[in-house]
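Trainee: The structure under discussion is supplied below as structure tokens; questions concerning it will follow.
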Amino acid sequence: MAKAENNTELMEKIVSLCKRRGFIFPGSEIYGGLANSFDYGPLGVELKNNIKNIWWKRFVHQRDDMVGLDAALIMNTKVWESSGHLKNFSDPLVECKKCHHRFRADKVEGKKCPDCKGELMEAKQFNLMLKTFLGPVEDAENAVYFRPETAQAMFVDFKNVLDTTSRKLPFGIAQIGKAFRNEITPGNFIFRTREFEQMEIEYFIKEQNWEETFEMWRKEMQSWMTDELGLDKKHIHELNVPDDELAHYSKKTIDFEYDYPFGKDEIYGLAYRTDFDLKNHFKEEPYQDAEAGEKLYPHVVEPTFGVDRSVLAVLCDAYVEEEERVVLKLKPSLAPYKVAVFPLLKNKPELVEKAKEVYKMLKKNFVVAWDERGNIGKRYYSQDEIGTPFCITIDFDTLEKDEVTIRDRDTMKQERVKVGDLLSFLNAKLA
Ligand code: GAP
């Protein structure tokens, strides 16, 4: 098998595998596509849901200091006035005087157009908010914006959450959902798109605790990337965002970066948002601290995780080309299928019947694939390419001894296991 010779080829191979095997399709493809829009296919949605579910379990269900939220995508325009997004949420844009291509000024070196070497105009601020209209009349009064971050609803609903959960500081609100930005230069597959998904936490604290809280979340984010996503520590970096590049709400931000095939770039962010947002939304109504009896505006540390960039980093890290095969060495918890079941021969009804029995039994507990095409070797490679950790073959011995062959994706070793022990075997291996 020809291996990728450089990073561009590697990226192309990952994109091609995603399409070929049903992880990620180009959006609206039969109509010529829609630039930089993507659809998660049958395997992609499983991978993405696994990431989101593990995140929710770890950061909401398994902690005592967190609650969840699922808010509307479109919010009252006053939210974006108060949050500063309508005024400040912009990127510097430059346009080429010759070919009129547009670029983000901070991503272009020098004054020449990267496409035609023409001269670039002076940079202008370009607001990234995605606008639409609610109701039949498209006028200024009906203009609304899709949220550019999930964060704001967690501030706007802060009081509702307090009133209904009787939480005390420190505590956090978590949300997973779509966000929209009219990006100037989307690209690099699902790395930068105009519609994407975020998993965000707004963690409310007293001001004096911000540094220790920031450190606690820095470690949590590192552990999430290595222990839950299985990313190689060597591929993860931290960047202290310089003061003059901080978002309008932030006093300190760390960007976590990942070594994608197209270069090192942001995967997640951790920001200290001070009391900026709550103060702007609850001007007259500070939080009443039960213990101290004082009124105050809680400060906020915000760990934010891009779902699509998580998927991309996981795919890039797991993609391995060996002599004869391509393997996605996904952590079993992330793999779309946990196990595949094959009858040795598809034209032997007794084998097919027994294999179906095993398949149905396992399906009650795991997401299971079925394959009866081609020979066993081809079926193994086909499952390797989509990251299925185990393949089970039902052969003639199964009919006599009630044993199956289990083949391990990573070691390619095979062992015999009693059908009655299959569930406990897989539960132990997939835990
Ligand atoms: N609430 C803070 C916030 O939104 P951000 O750094 O602008 O901070 C957070 O975005 C995360 O969302 C990023 O670290 C990235 O993972 C993801 N993200 C941002 N813009 C994106 C885009 N255009 N396409 C895909 N993911 C994006």
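The values are calculated or read from the model by the stated rules, or taken from the named source; none is laboratory data. Keep in mind that this is a model prediction, so the values were computed, not measured. Note that each Cβ is placed from the backbone with ideal geometry, even for glycine, and that neighbours are counted across all protein chains shown.
Trainee: Go through the range 291-315 and give me each residue that's away from the ligand (no atom under 12 Å from the Cβ) and of a type in the set (Asp, Glu).
Mentor: Answer for the range 291-315, where residues must be away from the ligand (no atom under 12 Å from the Cβ) and of a type in the set (Asp, Glu): 291, 294.
Trainee: Going by the conditions given, is residue 46 among the acidic types (Asp, Glu), at pLDDT 95 or above and over 25 Å from residue 150 (Cβ atoms)?
Mentor: No.
Trainee: Part of a strand (DSSP E or B) and without any contact (Cβ under 8 Å) to a residue 12 or more places away in the chain: which single residue out of 327, 341, 320, 301 fits that description?
Mentor: When all the criteria are applied, what remains is 320.
Trainee: I would also like to ask the following. Looking at the range 107-123, is at least one residue touching a residue at least 24 places away in the same chain (Cβ under 8 Å), within 16 Å of the ligand (Cβ to nearest atom) and not aliphatic (A, V, I, L, M)?
Mentor: Yes, the conditions are met somewhere in the range 107-123.
Trainee: Considering only helices (runs of 4 or more DSSP H) fully contained in the range 9-106, which possess at least 1 residues that are over 30 Å from residue 122 (Cβ atoms) and among the hydrophobic types (A, V, I, L, M, F, W, C)?
Mentor: In the range 9-106, 42-56, 77-82 are the helices (runs of 4 or more DSSP H) which contain 1 or more residues that are over 30 Å from residue 122 (Cβ atoms) and among the hydrophobic types (A, V, I, L, M, F, W, C).
Trainee: Somewhere in the range 260-275, is a residue under 17 Å from the mean Cα position of the chain (by Cα), farther than 17 Å from residue 152 by Cα, more than 8 Å from the ligand (Cβ to nearest atom) and hydroxyl-bearing (Ser, Thr, Tyr)?
Mentor: yes
Trainee: Going through the range 131-172 one residue at a time, which ones are part of a loop (DSSP other than H, G, I, E, B) and in contact with a Pro (Cβ under 9 Å, 6 or more places away or on another chain)?
Mentor: 169, 170
Trainee: Shifting gears a bit: Name the pairs: first residue in the range 257-286 and in contact (Cβ under 8 Å) with a residue 24 or more places away in the chain and part of a strand (DSSP E or B), second residue charged (D, E, K, R) and buried (at least 22 other Cβ atoms within 10 Å of the Cβ), Cβ to Cβ under 6 Å, at least 6 apart or on different chains?
Mentor: Pairs found: 267/309; 271/302; 273/302.
Trainee: Condition (residue is basic (Lys, Arg), away from the ligand (no atom under 16 Å from the Cβ) and either on the phi > 0 side of the Ramachandran plot or touching a residue at least 40 places away in the same chain (Cβ under 8 Å) (or both)) applied to the range 162-178: is it met by at least one residue?
Mentor: Checking the range 162-178: at least one residue is basic (Lys, Arg), away from the ligand (no atom under 16 Å from the Cβ) and either on the phi > 0 side of the Ramachandran plot or touching a residue at least 40 places away in the same chain (Cβ under 8 Å) (or both).
Trainee: Residue 133 is checked against (1) away from the ligand (no atom under 16 Å from the Cβ); (2) closer than 23 Å to residue 38 by Cα and fails just one. What number does that condition carry?
Mentor: Result: residue 133 passes all but (2).
Trainee: Do we find a residue being among the acidic types (Asp, Glu) and either at pLDDT below 95 or more than 13 Å from the ligand (Cβ to nearest atom) (or both) anywhere in the range 189-204?
Mentor: For the range 189-204, residues among the acidic types (Asp, Glu) and either at pLDDT below 95 or more than 13 Å from the ligand (Cβ to nearest atom) (or both): absent.
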